[in-house]
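Enquirer: The structure that follows is given in the form of structure tokens.
The values are calculated or read from the model by the stated rules, or taken from the named source; none is laboratory data. What you see is a predicted model; the values in this text were computed from it and never measured. Every residue, glycine among them, receives a Cβ derived from its backbone with ideal geometry; neighbour counts consider all protein chains shown. Calculation scope for accessible area: heavy atoms of the full protein, side chains included, ligands and nucleic acids excluded. Shrake-Rupley method; radii C 1.70, N 1.55, O 1.52, S 1.80 Å.
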Amino acid sequence: MQTGRLRERLTIQQETVTRDDSGEELKSWSTLATVWGQVTPGASSERFLASAGQRVAEVTHTARIRYRTGITPKMRIVWESTRILEILSVVDPDGRNSRTVLLCSEEQRG
């Protein structure tokens with residue numbers, strides 16, 4: 001992997017569950033790591049949610065980072081400070097522990 005292509009700051013987050021005083025679960029996101037990476041857009045689709053009265057666009061992305069263990073599909077990436085990419089799959093493409101490829105989706109409501 002050419003290091004020069006990893007020009008974007010990606011924040012990998014994991015969901016944290018705590019309980020309040022009444023025992024109710026509170027879900028939040030905490031930062032696991034901030035890494036250099038490259039995000040490439042892929043396919044996109046759009047659908048209308050009649051129940052919510054809004055359109056939902058889904059865009060797939062591929063994020064490439066240096067090899068890293070501990071990333072799971074239950075995590076997400078914050079990209080460009082405001083964009084949230086849900087991790088769908090974690091792949092070591094060549095099996096040599098040199099890079100990690102994260103297949104992600106971004107949902108945009110509007």
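Enquirer: Quick one: putting +1 on the C-beta of Lys and Arg, -1 on the C-beta of Asp and Glu, what dipole do you get for the chain around its Cα centre, in Debye to the nearest 20?
Expert: 560
Enquirer: To continue, here is another question. If you roll a 1.4 Å probe over the heavy atoms of the protein chains, what accessible area per residue do you get for the chain, in Å²?
Expert: Ligands and nucleic acids excluded, the figure is 65 Å² per residue.
Enquirer: Cα-based Rg of the chain per 2.2 N^0.38 Å, rounded to two decimals?
Expert: The reported ratio for this selection is 1.22.
Enquirer: Of the heavy-atom accessible surface of the chain (probe 1.4 angstrom), what whole percent is carbon and sulfur?
Expert: The value for the chain is 45 percent carbon and sulfur by accessible area.
Enquirer: Could I have the simple spin-label model distance between THR18 and VAL101, label points 7 Å from Cα toward Cβ, reported in nm to one decimal?
Expert: 3.8
Enquirer: Pulled fully out, how much extra length does the chain show between THR69 and ALA43, if you take 0.36 nm times their separation in residues and subtract their Cα-Cα distance?
Expert: Working: separation 26, 0.36 × 26 = 9.36 nm, distance 2.67 nm.
Going from the current span to full extension adds 6.7 nm.
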